[in-house]
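Structure first, then comments.
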């Protein structure tokens, strides 16, 4: 067995799967230790795009450097999108008295001149909702701020009113390394304002623990039932096969939902969820082990052990188990993968672990769905989670395929 495991690391598929799995495991263990936040800390007030955020106050108080660069060009490009140009054109034609043929959307300078000469929020705008009117007011304000080349004046409240503190020219730049207060969020923030990267890495660790517990329990139950059923035969085999068939006929996920729903949300800890999944995922392992034991129980070395008067536990552990050990390892890997997916499915239905104390990959997907991250374009709230689940399950299945090629002579090159 040890020799075969050594051979597994020479198999390309197993090696790639093992490296991917260990990489995900290391990220889940190391990043939370380096993060400045806890997984459930509310860093911001809602969905926030990935990036590095600096304190505006610290930027304003930092010593800047004047550069020969037109800063307004970049600001204007970020404000004046194509859809904004269309809206400006529509307003000027409908309410500003400008002919449609006189407006060239590709000429930014001419477009701005016409807009500044025409737009007046006090003009009657029949047919526009109040929200649309306010949107034009905000757009005009953003355009004026973007085209302002005179800079800003910082003022502080004094005894005689506002007193000028500092004037910042429009072409003043500050090196980000000189800004004291910075918050780095590689994957942004979710609907609760929590750092997605910290929450994701913590979720991976919790989901792996759930999958490992579920896999071990399901494999042990399936292995025990399969060994006893296949070796003993008779009424024991009939009873255990009947029990296995009951769990096979009724979809395990349905049983899983019923059991999870019967337990209150606050009582569903990650380990309890793993236990529930493990107790419902053993039938296919039991059936597979039983079929292998049936072909082993009449072999010469097993018959010799029976004639020698060896005990049942000794025969099973020493004469049968080593021959199915390779399959048990592969079954364990698949059970871990299935456990992780089962937890994700349960959490998507709101039947996962308690969400007030922990977070899993399934819970993150549930929150992304519930708070319309997809419709809102907040891809960072669900795409990394989906990719993480895919990488973990893919790596485990790749490891299983590699082991199958090592243990199964018919699949060897």
Rank 248, 44, 118 by mean-square fluctuation in a GNM of the chain with C-alpha springs under 10 angstrom and give only the top-ranked residue.
-> 118
At 7 Å along the Cα-to-beta-carbon direction for both residue 307 and residue 65, put a label point, then send me their distance in nm to one decimal.
-> 9.1 nm
At a Förster radius of 30 Å, what calculated FRET efficiency corresponds to the Cβ-Cβ distance of residue 318 and residue 9, to the nearest 0.05?
-> 0.65
If one builds a Gaussian network model of the chain from Cα atoms under 10 Å apart, the most fluctuating residue listed among 140, 237, 58 is 140
On a C-alpha basis, how far is the centre of segment 348-398 from the centre of segment 203-270 in Å? Whole number, if you could?
-> 24 Å
Stretch gain in nm, segment residue 243-residue 300, where the contour uses 0.36 nm per residue and the Cα spacing is subtracted = 17.5 nm
Translational diffusion coefficient, Stokes-Einstein: compute it for the chain using the Kirkwood radius over C-alpha pairs as Rh, at 25 °C and 0.890 mPa s, and state it as an integer in µm² s⁻¹.
-> 91 µm²/s
Any chance you could check the Cα centroid distance between segment 285-328 and segment 100-118 for me, in angstrom?
-> 86 Å
Pairing the Cα long axis of helix 283-296 with the longest principal axis of the chain, what angle in degrees results, from 0 to 90 and rounded to the nearest 10?
-> 30 degrees
Which of 213, 243, 332 moves most in a GNM of the chain, Cα contacts under 10 Å?
-> 243
Degrees, to the nearest 10: 321-348 long Cα axis against longest axis of the chain = 30 degrees
In degrees from 0 to 90, rounded to the nearest 10, what is the angle of the helix 383-407 Cα long axis to the longest principal axis of the chain?
-> 30 degrees
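Given a Förster distance of 41 angstrom, what is the FRET efficiency for residue 23 paired with residue 87, based on the Cβ-Cβ distance and rounded to 0.05?
Details: r = 47 Å, r/R0 = 1.14.
Rounded to the nearest 0.05, the efficiency is 0.30.
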Find how much the distance from residue 30 to residue 173 grows on full extension, using 0.36 nm per residue of separation minus their present alpha carbon separation; answer in nm with one decimal.
-> 48.0 nm
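Values quoted throughout were computed directly from the atomic coordinates according to the rules given, and no laboratory measurement underlies them. Because the structure is a prediction, the values reported are computed rather than measured. Positions of Cβ are generated from backbone atoms using ideal geometry, with glycine treated the same way; all protein chains shown enter the neighbour counts.
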